[in-house]
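Readers should treat all values here as calculations from the given coordinates under stated rules, not as data from a laboratory. As the structure is a prediction and not an experimental result, all values here were calculated from the model. No Cβ is skipped: glycine too gets one built from the backbone with ideal geometry, and neighbour counts run over all protein chains shown.
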Amino acid sequence: MTTLFEKLGGAAAVDLAVDNFYARVLRDDRIKHFFANTDMQKQRAHQKAFLTYAFGGTDKFDGQHMREAHKELVAQQGLNSEHFDAVAEDLMITLKEMGVSDDLLAQVAAIAASPQHKKDVLNH
């Protein structure tokens, strides 16, 4: 069975998508402030590892659970549903600009913007 990771183009595609995604995020006035004090090289590496895992490229992920990773952003910086939606929107725009098909975009959205993922990120 071909994974979503493979359908998207594997490691090279995820690397490019994450780099393009963060370039967009850092220009997005709705959410860029959340990354003001972030080591973006480390953040990009973490996101590449997470998306590789989330899209079926590996069965191992050593990063923090979503609730733990975003806990301080929710409590101290007011991360909320609008911010989550802005991140998801930026990811979808990035992938669409890269030529990802609507079918694959729907699969990505089902994972990245799922209600459970949103609840985990926002600590609900």
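Rounded to the nearest 10 degrees, the angle from helix 102-112 to the longest Cα principal axis of the chain is 40 degrees.
Once the Cα atoms are used to define both axes, helix 40-54 deviates from the longest principal axis of the chain by about 50 degrees. Bridging of Lys7 to aspartates and glutamates at a Cα separation below 17 Å is possible for Asp15, Asp59, Glu97, Asp102, Asp103, once same-chain residues fewer than 8 apart are set aside. By how many degrees, 0 to 90 and rounded to 10, does the Cα axis of helix 66-77 deviate from the longest principal axis of the chain? Approximately 40 degrees, to the nearest 10. Note on Lys71: lysines with a C-alpha under 23 Å away, same-chain residues under 8 apart excluded, are Lys32, Lys42, Lys48, Lys60, Lys118, Lys119.
Quick check: net charge around Glu68, other residues with Cβ under 15 Å of its Cβ, Lys/Arg +1 and Asp/Glu -1? It works out to a net charge of 0.
With the simple spin-label model, which puts each label point 7 Å out from Cα in the Cβ direction, the Asp85 to Glu68 separation comes to 3.1 nm.
Can you give the Rg to Rh ratio of the chain, both from alpha-carbon atoms, with Rh computed by the Kirkwood formula? Please report the intermediate quantities before stating the final value.
Details: Rg = 13.9 Å, Rh = 14.8 Å.
Ratio value, two decimals: 0.93.
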